[in-house]
Each structure stands twice: as structure tokens, then as C-alpha cells.
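The values are calculated or read from the model by the stated rules, or taken from the named source; none is laboratory data. If you're wondering where the values come from, they're calculated on a predicted model, not measured in any experiment. Backbone-built Cβ (ideal geometry, glycine too); neighbour counts: all protein chains shown. Note: accessible area is taken over every heavy atom of the protein model, side chains too, but ligands, DNA and RNA are not part of it. Shrake-Rupley method; radii C 1.70, N 1.55, O 1.52, S 1.80 Å.
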Amino acid sequence: MRKRQAAHIEAPPQAPGQPRPNTCCLCWCGCCKCLWNEDRMERSERQTCTKMDSIEAAEEQHPSLEEMLSWARSFEMMLRSLEGREVFREFLRSEYSEDNLLFWMACEELKKETNPSVVDERSRIIYEDYVSILSPKEVSLDSRVREGINQSLTEPSNLMYEEAQLQIYTLMHRDSFPRFLNSSTYRDLLASRRRTCLDT
């Protein structure tokens, strides 16, 4: 995957207003400097809305105490928040289940894609990274869902992982999320934000 990534770091700059080719390494975690990640950062910096209607509307700023408390009421609200996802990811990493969230985020990105060749590439990368039994990051899917994905690989679509994504979402919501809310990761951050609010 690093070879694919390196090819995109060297890409020439695009003229203003011209879209960049969307054939990146699919680094959803934002750990690289590929064109896809640069585009994501530019979009995030341009956003000015305060209501978070979708994942791409999440702003890169510290959430308010009220927002952090809303995470305890709604798993969906936490996933819509950039910092919410980051804190949840940190917790999942401590439980060795970070790949569940990364798979869910990869599927979200795939759903937005309309270019058939990019859909084909991304769907295969998701398969190789998370679904294949040979993958070191294999997510836990039942055999029926896995078989459906295997059949979809002949004609990939941007929605081919929808059922698998729902299964992982449900697993995180029912299993990991309650533990996250009781974890020191969340409680310490919440206490820190409360102290900040009291100091101001």
C-alpha cells in the first residue's frame, strides 16, 4: 500500500478550481501527505458551519462540553464529530479493535465515490485490507455477509459494503461504545473539559 501512496505524493500541483485526481492510497486515518488527505484538510479548513449534518461537516476544533456530553446520548453524534471519532479510535486502539472504525470510515468514503474506476480500486483495497481472510486487519463479519461481498467483487459498487458496514457499526455501538463511555479515555477528557469550562 505504501507504493500506491508514494505515487500520489509526487503528483504535480493542480490549477486553482481544478479537481485533483481522486486515486489516492485511501489513507482514511490521515497519517499521510497524499492528495486525498490534502483535499480533506482543505475542505475542513474552508468549512464554517456549526451544525454537523454529516461527517464531512465536522470541523477541526475542540468540541464543547455540551457536544461531548451529547456523545453519551448518541453514538451517531460521536461519529459525526471529528474529535469524537479520534477519541473513540484511541479507545478502540487500546482494545485492539481500531480496524472496525477504520473499516467503517473507509466504507463511508467509498459511498461518496461515483467514478467507476475509483470505486473498483477502493472496493478492492477495502477487501484486501479488512475483509479477506488473509488480511492482518480482518474485521469480524458473518459468513453470509462475507459471501455477499465476495460475489460483489466481480462488479464492485460504491454500496457493496453497506451490509458489512452496518454489521460493524452495530458491533461498535452495542459492544465497544458502552465500554468507551465508562473508560478513562472518555471520562478524563470530559473532566478536563469541565475544568476548562469552570476556569473561564
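When the accessible area of region 54-143 is split by element with a 1.4 Å probe, what percent falls to carbon and sulfur?
Values: 2120 of 4280 Å².
Here it works out to 50 percent.
Relative to the Cα centre, what is the charge dipole magnitude of region 121-200, using +1 at the beta carbon of each Lys and Arg, -1 at the beta carbon of each Asp and Glu, and rounding to the nearest 20 debye? Please report the intermediate quantities before stating the final value.
On the way: 11 positive and 12 negative charges, 116 e Å.
Computed charge dipole of region 121-200: roughly 560 debye.
With Cβ to Cβ distances under 11 Å as the rule, what net charge do the other residues near residue 70 carry (K, R +1; D, E -1)?
Residues close to residue 70 contribute a combined charge of -1.
Among 117, 88, 69, whose Cα projects farthest towards the positive end of the dipole of region 68-119, with charges put on the beta-carbon of Lys, Arg (+1) and Asp, Glu (-1)?
My answer, from the dipole projection, is 69.
Taking only protein heavy atoms into account and a 1.4 Å probe, give the accessible area per residue of region 88-161 in Å². Please list the in-between numbers first.
Details: 3740 Å² over 74 residues.
So region 88-161 comes to 51 Å² accessible per residue, rounded to a whole number.
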